[in-house]
Ligand SMILES: Nc1ncnc2c1ncn2[C@@H]1O[C@H](COP(=O)(O)OP(=O)(O)OP(=O)(O)O)[C@@H](O)[C@H]1O
Ligand SMILES: [Mg+2]
């Protein structure tokens, strides 16, 4: 499903050059639930961004769904982001000037979906994350955990084949974290959604199929769990 | 999508309100400029009703108080001009020659109505010198003068103002004048003069300025010769010859230059407002990089991002334009100036189009700037 080959990412600023990812090769199969762990600053978000087509690697090759994406047009890239990928950001990234329901609808706005259908799907997604009663709220009126759940609802509303989750349970208490984990597990099991999740929680990682560890931009180990 | 745009505009009503006000002010300026342009252009393309080609104005002063002497002098000049092969035709006129600096007007009455009109006292050959075409009736002749009441020729516009749809020929105005003919237009003040009322009546004994139509190919030599010859006909006469073409372009300049200055000032104002708008949009859009990153991340193309911001700007512009139109339509409704309503209509249409054009231009660059960056980079900046 996702094939990364010799991915390198260098961030250049005026003063420093950071090698955020160093020669990463990783294959993720369809229906796999993969977790990524590693110390802060080791490049986990960077890796996820590259998988999610939100950033381009400095070097290397990405195949998504057997297609090499490096020569994709903007239109095609956007369509992939829109239809194949659901992204859950570490810091939520909600549009603060829009109510919760509109935030969740957002991916559908760039699809050919009627507004009634958009509302319905968004409400459904919010129900799944237990926020049906907060649809008219603005993000500023929500707690961190609630925002996280809105971000999850937005990621799943379009029923993507791949969900990339950057610490989706990082801001939640264990009960809530568990619920989110169950949502993801369910998507993975029922819809064969491919999921890549960054986490700091060893227990969460254990519930996935495979764990890869990142250190200073390099892959250092890979464990497969039998669940 | 529009619903979505409205929500975001409403959330940012404060900064959007300022933008709307700027657009409102620019709209009013553009409305004034376009209305004036349409008005001026329309006047310019309206038929003049007279031709200045090869027509010269001869300002003549006999420097005498004696009416009988004037009559003799006029006959003298007539005879000389008739005998001059370089002169195709000529006519006497009151001092308000076309495109000159002197004007004369009068109130004329009919059926209790009183209408202001230019008043020209001319001889019978006046229309042939200036190529004036009759719309109906005829020009007055020398024989007419003794009839009952002064025979007069009026423009179509004056006829309409005095008589409405009634037949003008034969009507008496201001008790002692009788309409014998109607001409279509007589725009004798400049190329940009609006169609105004004019009334021609037979010349008086003191109306001894001249218009002459010269034969093709006459040169400066001929002009000097003509001036000298007329001068020699009497003593103490002053003769001054001017070409109607030149007089016309002088008049045109006195009208056009202030308009151009006004346009320059307005252009400068609108340019500044546009620049301000550009700055505000640039800042607004840059501040919304995070939002753009999110939209891009969930699948918006660069084009959709640009279209989105341009639409948003156009929606805000529409509010400013709507407010502007509300004020603009008051001018024709209250009849502030004596100008056709369609001039304002086009002023509004063109100002609206200009505003939209400016808005699209101002939104285009900042939104493109914001759309081309990678979503992760945009989000990182949030
Ligand atoms: N836009 C950027 N410009 C410059 N350097 C960056 C940029 N984004 C990330 N980096 C650097 O790249 C490295 C990896 O960052 P990344 O965000 O991927 O870490 P992470 O593993 O997600 O950390 P955390 O667990 O804290 O979220 C860090 O050293 C960071 O400073
Ligand atoms: Mg991170």
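Computed from the coordinates by the stated procedures, all read-outs in this text should not be read as laboratory data. If you're wondering where the values come from, they're calculated on a predicted model, not measured in any experiment. Cβ coordinates were reconstructed from backbone atoms using ideal geometry, including for glycine residues, and neighbour counts include every protein chain displayed.
Numbers below:
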{"quantity": "Over region A:4-87: Rg over Rh, Cα atoms, Kirkwood Rh", "calculated": "0.97"}
{"quantity": "Inter-label distance for residue B:167 and residue B:329, nm, one decimal - labels placed 7 Å from Cα along Cα-to-Cβ", "calculated": "4.3 nm"}
{"quantity": "Rel. contact order, % - alpha carbon contacts under 8 angstrom, at least six apart, region B:55-217", "calculated": "36 percent"}
{"quantity": "Cα centroid separation, region A:118-196 to region B:248-298 (Å)", "calculated": "45 Å"}
{"quantity": "Percentage, to the nearest whole number, of Cα pairs in region B:256-382 over 23 Å apart", "calculated": "46 percent"}
{"quantity": "Footprinting exposure proxy for B:82, A:147 (fewest neighbouring C-beta atoms within 10 Å first)", "calculated": "B:82, A:147"}
{"quantity": "Cβ-Cβ FRET estimate between residue B:377 and residue A:140, R0 fixed at 41 Å, reported to 0.05", "calculated": "0.95"}
{"quantity": "Considering only chain A, percent of DSSP beta bridges that pair antiparallel, nearest 5", "calculated": "55 percent"}
{"quantity": "Rounded to 10°, Cα long-axis angle of helix A:74-83 versus longest principal axis of chain A", "calculated": "60 degrees"}
{"quantity": "Zone of residue A:6's modelled label, taken as backbone nitrogen in region A:30-60 under 15 Å from a point 7 Å along Cα→Cβ", "calculated": "A:57-60"}
{"quantity": "10 Å binning of all Cα-Cα separations within region B:5-102, expressed as whole percents from 0 upward", "calculated": "11, 21, 18, 12, 11, 9, 8, 6, 4"}
{"quantity": "Likely footprinting exposure, B:27, B:327, fewest C-beta neighbours within 10 Å first", "calculated": "B:327, B:27"}
{"quantity": "Per-residue mean of C-beta atoms belonging to partner chains within 10 Å, peptide B:370-381", "calculated": "4"}
{"quantity": "Surface/4 of the Cα convex hull for the protein assembly as shown, nm²", "calculated": "41.6 nm²"}
{"quantity": "Residue of A:102, A:112, A:65 that the Gaussian network model of chain A assigns the largest fluctuation, springs spanning Cα pairs under 10 Å", "calculated": "A:112"}
{"quantity": "Choice from A:174, A:91, A:45 with maximal GNM fluctuation in chain A (Cα, 10 Å cutoff)", "calculated": "A:174"}
{"quantity": "With eigenvalues of the C-alpha gyration tensor scaled by 5 and rooted, region B:55-217, Å", "calculated": "27, 18, 15"}
{"quantity": "Under the Debye formula (equal points on every Cα, no solvent term), log10 I(q)/I(0) of chain A at q = 0.08, 0.09, 0.11, 0.16 Å⁻¹", "calculated": "-0.28, -0.36, -0.54, -1.14"}
{"quantity": "0 to 90° range, to nearest 10: angle between helix B:302-328 axis and chain B longest Cα axis", "calculated": "40 degrees"}
{"quantity": "Average beta-carbon neighbours from other chains, 10 Å sphere, peptide B:212-223", "calculated": "0"}
{"quantity": "Value of [θ]222 nm, deg cm²/dmol, for the protein assembly as shown, DSSP H segments ≥ 4, -39500 (n - 2.57) each, nearest 500", "calculated": "-15500 deg cm²/dmol"}
{"quantity": "Within 10 Å of each Cβ in B:299-306, the average number of Cβ atoms from other chains", "calculated": "6"}
{"quantity": "Stokes-Einstein D for region A:159-227, Kirkwood Rh over Cα pairs, 20 °C, 1.002 mPa s (µm²/s)", "calculated": "168 µm²/s"}
{"quantity": "Proxy reagent accessibility, fewest Cβ within 10 Å first, across A:157, A:220, B:325", "calculated": "A:220, B:325, A:157"}
{"quantity": "Counting DSSP beta bridges with both ends in the protein assembly as shown, the antiparallel % (nearest 5)", "calculated": "65 percent"}
{"quantity": "Histogram of C-alpha separations across region B:195-256, 10 Å bin width, %", "calculated": "14, 36, 35, 14, 0"}
{"quantity": "Convex hull (Cα only) mean projected area of chain B, reported in nm² to one decimal", "calculated": "26.4 nm²"}
{"quantity": "Förster-model FRET efficiency, 41 Å R0, residue B:109 and residue B:221, C-beta, rounded to 0.05", "calculated": "0.25"}
{"quantity": "13 Å cut-off, amide nitrogen to a point 7 angstrom out along residue B:135 Cα→Cβ, residues in region B:169-194", "calculated": "B:169, B:181-187"}
{"quantity": "Over region B:234-295 - Rg/Rh using Cα atoms and the Kirkwood inverse-distance radius", "calculated": "1.62"}
{"quantity": "Gaussian network model of chain A, springs between alpha carbon atoms under 10 Å - residue of A:66, A:199, A:15 with greatest fluctuation", "calculated": "A:15"}
{"quantity": "Distance in nm between pseudo-label sites at residue A:132 and residue B:102 (7 Å out along the Cβ direction from Cα)", "calculated": "9.5 nm"}
{"quantity": "Label-point separation in nm, residue B:15 to residue B:307, each point 7 Å along Cα→Cβ", "calculated": "2.5 nm"}
{"quantity": "Kirkwood Rh and Cα Rg combined as Rg over Rh, evaluated for region A:112-199", "calculated": "0.96"}
{"quantity": "FRET E, pair residue A:190, residue B:262, Förster distance 51 Å, beta-carbon r, rounded to 0.05", "calculated": "0.10"}
{"quantity": "D (Stokes-Einstein, µm²/s), Kirkwood Cα radius, region B:136-252, 1.002 mPa s at 20 °C", "calculated": "125 µm²/s"}
{"quantity": "Surface/4 of the Cα convex hull for region B:90-136, nm²", "calculated": "4.3 nm²"}
{"quantity": "DSSP beta bridges in region B:55-217 [antiparallel fraction, %, rounded to 5]", "calculated": "70 percent"}
